[in-house]
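S.K.: Dumping the structure here so I can ask a few things about it.
No lab work stands behind these numbers, since they all come straight from the coordinates. Everything quoted here is computed from the prediction, not taken from an experiment. So basically every Cβ, Gly included, is an ideal-geometry build from the backbone, and we count neighbours across all protein chains shown.
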Amino acid sequence: MPFRLSLLAVSLLVSLSFATPASAAVLTESTDFPNAPPAFSLPYATTSVQGSVNQLDANDYFEFVGLTPGASFNFSGSFGGSGTISFVVFSTLTGLLGSGSTVSATVPLDGIVSVFVGSGLTLGGTYTVSMSSPLSGPTTPAVPPPSGDVPEPAPLALLPAGLALLAANAAWRRHRSW
């Protein structure tokens, strides 16, 4: 195998190993989100959250991370239950960004948009919120994602295979020249 083909194979393997990691677009509240700040940091690229509130767990705080600072975002929330519910969208840097079932605003400079879901006098029910905004790049959440997520392979898993291919090619060339 010519050296150029070996180099091309290694380059392709390495570029594939650095592809953007996959992550769930929808997160379901498996363990209770905090009832007061600090907010639960959602995994990177989460676009929708499904949760529940009731008289014993009246509030949820969570935040979308890795959003592009200065970009526009659209937030929407819906509630399936008895009573009323409040959706408040805010930034820890700039304060209130909006409230209600739909909010359109600008992503703060830290790329984090926080959400408060409050049930008030609600007997209970489920809610769904969605966020539409460009992503800036993977970030590490302050809180690990809930269990049940599919683990991602290590980004450098293909690099040893490429290096082994180069070593085999070099050995073959040395053996051929004997």
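S.K.: Pop the C-beta distance of residue 132 and residue 163 into the FRET formula with R0 = 30 Å and round what comes out to the nearest 0.05.
M.R.: 0.10
S.K.: What FRET efficiency, computed as 1/(1 + (r/R0)^6) with R0 = 22 Å and r the Cβ-Cβ distance, is obtained for residue 56 and residue 28, rounded to the nearest 0.05?
M.R.: Efficiency for this residue pair is about 0.70.
S.K.: Give me the percent relative contact order of the stretch 22-144, please, defined on Cα pairs under 8 angstrom at least 6 residues apart.
M.R.: Dividing the mean separation by the residue count of the stretch 22-144 yields 34 percent.
S.K.: Follow-up question, since we're still on this one. Please order 26, 107, 88 by the number of other Cβ within 10 Å, starting at the fewest.
M.R.: Ordered from fewest to most neighbouring Cβ atoms within 10 Å, 26, 107, 88 come out as 26, 88, 107.
S.K.: Can you tell me what the convex hull of the Cα atoms of the stretch 22-144 projects to on average, as an area in nm²?
M.R.: 6.7
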